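Worksheet for the structure shown next.
The values are calculated or read from the model by the stated rules, or taken from the named source; none is laboratory data. Bear in mind that the values here come from a model prediction, so they are computed numbers and not experimental data. Every residue, glycine among them, receives a Cβ derived from its backbone with ideal geometry; neighbour counts consider all protein chains shown.
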Amino acid sequence: MLEKLRNIRIEDYTYPLPDAMIAQFPLEVRDHSKLLILKDNKLSEDTFENVALHLPADSLLISNETRVVHARLLFRKPTGSYIEIFCLEPVAPTNDIQLAFQQKQICTWKCLVGNARRWKSGPLLLDGKIDGMPVTLTATQTDRNETAFYIRFSWEPQHLSFAQILDYFGKIPLPPYISREASDNDNTRYQTVFARNDGSVAAPTAGLHFTPAVLADLAKKNIQTVFITLHVGAGTFKPVSSETIENHHMHSEQVIVPLKLIKEILQYKGKYITLVGTTTVRALESVYWQGVKWLRQPAKIPVLHIEQWDPYLHLTENPVSTVKALQCVIDTLEKYNATELRGDTSLLIAPGYNYHIPDAIITNFHQPRSTLLLLVAAFVGNSWKTAYDHALANSFRFLSYGDSCLFFKHKLD
């Protein structure tokens with residue numbers, strides 16, 4: 001299985017995407033996006049405001065409540081040139097994203113730096129006022145490698161958190177395929193209505209279509225809506241550049257899954273579970289594999305850590321049931337009096353992968369040659385091509401601000 005998966009050719013998961021079909025702006029109303037439904041190998045269309053009509057009553061729907069941070073900082077040097085710093089992930093004094101945003105006075109982040117050749121040495125400064133109070137942010141290079149810079153941020157006054165600093169000085173980080181500057185409208189529209197936990201540098205875009213009205217319609221059908229957190233990293237935009245996926249290095253993202261939610265998944269297993277977005281899929285499939293690992297070697301600490309090829313290394317002739325794996329996670333968390341499972345995942349889901357949690361997935365249309373498209377193809381089989389061809393031929397809008405899909409799990413012959 002591992003050898004077959006590693007030899008998947010990425011050219012089999014590409015398609016022509018004209019620039020004109022990449023949505024540059026959100027629709028005026030979130031839930032007026034088109035909805036492409038794929039069920040039993042049959043396609044149909046609706047609008048997202050009616051998504052509740054297509055989901056079973058008395059089922060479970062799980063979304064990602066991460067919040068996109070203003071990760072782009074634009075500094076101007078005394079010479080007049082601009083340096084852009086894009087915050088990727090915290091390094092010190094903690095690498096926990098949510099704790100990093102609570103830091104005061106000083107912190108260090110791994111960053112991308114635009115126009116770096118003009119920043120030879122010395123600190124960069126930004127000045128402003130928060131609620132009438134003078135504020136200064138200083139950025140200093142501490143190290144660099146081939147892919148990133150390590151930047152130490154310090155600020156005055158010191159009682160402000162780094163989250164407050166970024167909210168004031170930073171800009172929302174729109175994806176690279178949106179060829180315009182972020183506007184004030186993006187501060188709202190590039191967030192889900194249920195965004196709560198600071199940490200993402202990209203939106204969990206499948207959640208962007210939800211409105212209070214849609215959530216109310218789900219509740220009327222007794223579809224319970226619950227949440228996990230996966231902080232989306234910039235690696236989500238990284239295409240597979242190698243000929244096969246064997247040489248693709250999957251990015252890592254931080255995950256928080258409440259113990260209560262894992263128990264709810266067990267209650268709904270065998271009924272119906274819909275996952276909103278590839279981030280939610282990745283997080284919850286990682287929970288399953290953590291249970292598999294702990295069944296084989298009990299946890300010394302209750303921390304989630306799934307590497308790229310873990311599922312394929314752990315496949316056996318007698319696979320572990322979803323119930324057994326999740327129950328192991330529950331028992332482990334309770335043993336350590338933990339109320340949530342936290343950690344990181346580099347899980348790569350590609351065709352040939354056997355899903356354990358979702359019966360249906362709500363997602364957007366993804367970039368050619370992306371690991372997100374591989375994840376979708378693993379869920380619906382070759383029908384992804386039919387769905388994408390239909391969307392291209394019928395003026396669907398693609399990528400982050402684009403239209404939505406409701407894909408039901410592919411039934412193997």
In a helix (DSSP H, G or I), at pLDDT 90 or above, outside the structural domain of ALA100 (by TED's automatic domain parsing) and buried (at least 20 other Cβ atoms within 10 Å of the Cβ), is that true of LEU166? no
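Consider region 75-104. How many of its residues are touching a helix residue (DSSP H, G or I) at 6+ places or on another chain (Cβ under 8 Å) and at pLDDT below 90? Before you say what the answer is, go through the steps one by one.
To start, the set of residues in region 75-104 that are touching a helix residue (DSSP H, G or I) at 6+ places or on another chain (Cβ under 8 Å) comprises 77, 79, 81, 83, 86-90, 94, 100-104.
Within this subset, residues satisfying the condition of being at pLDDT below 90 are 77, 79, 81.
So the count comes out to 3.
Take region 320-358 and flag every residue that is touching a strand residue (DSSP E or B) at 6+ places or on another chain (Cβ under 8 Å) and among the basic types (Lys, Arg). Can you show your working first?
Filtering region 320-358 down to residues touching a strand residue (DSSP E or B) at 6+ places or on another chain (Cβ under 8 Å) leaves 329, 333, 339-347, 357-358.
Residue satisfying the conditions is ARG342 alone.
Please enumerate the residues belonging to region 93-132 that are without any contact (Cβ under 8 Å) to a residue 24 or more places away in the chain and either in a strand (DSSP E or B) or within 13 Å of ALA148 (Cα to Cα) (or both).
Here is the first cut: in region 93-132, the ones without any contact (Cβ under 8 Å) to a residue 24 or more places away in the chain are 93-95, 99, 117, 120-123, 127, 129, 131-132.
Once the filter is applied, which keeps residues that are without any contact (Cβ under 8 Å) to a residue 24 or more places away in the chain and either in a strand (DSSP E or B) or within 13 Å of ALA148 (Cα to Cα) (or both), region 93-132 yields ASP127, LYS129.
Find the residue count for region 288-301, including only residues that are outside any loop (DSSP other than H, G, I, E, B) and of a type outside the set (A, V, I, L, M, F, W, C).
Filtering region 288-301 down to residues outside any loop (DSSP other than H, G, I, E, B) leaves 288-296.
Imposing the further condition that a residue be of a type outside the set (A, V, I, L, M, F, W, C) reduces the set to 288, 290-291, 293, 296.
The number of residues fulfilling the criteria is 5.
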Could you pull out the residue among ASN50, ASN41 that is more than 21 Å from the chain's Cα centre (by Cα), modelled with pLDDT under 95 and under 27 Å from ASN394 (Cβ atoms)? ASN41
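So which residues in region 41-92 are part of a strand (DSSP E or B) and among the aromatic types (Phe, Trp, Tyr), if there are any at all?
Initially, region 41-92 is screened for residues part of a strand (DSSP E or B), giving 42-47, 60-64, 66-68, 72-76, 82-92.
Passing the criteria: PHE75, TYR82, PHE86.
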Single unsatisfied condition, LYS260 versus (1) under 15 Å from SER63 (Cα atoms); (2) assigned to a strand (DSSP E or B): (2)
Restricting the search to region 302-343, which residues are β-branched (Val, Ile, Thr), in a loop (DSSP other than H, G, I, E, B) and under 23 Å from MET250 (Cβ atoms)? THR316, VAL320
All conditions in (1) surrounded by fewer than 19 Cβ atoms within 10 Å (Cβ to Cβ); (2) at pLDDT 95 or above; (3) outside the structural domain of ALA203 (by TED's automatic domain parsing) are true of CYS107 except (1)
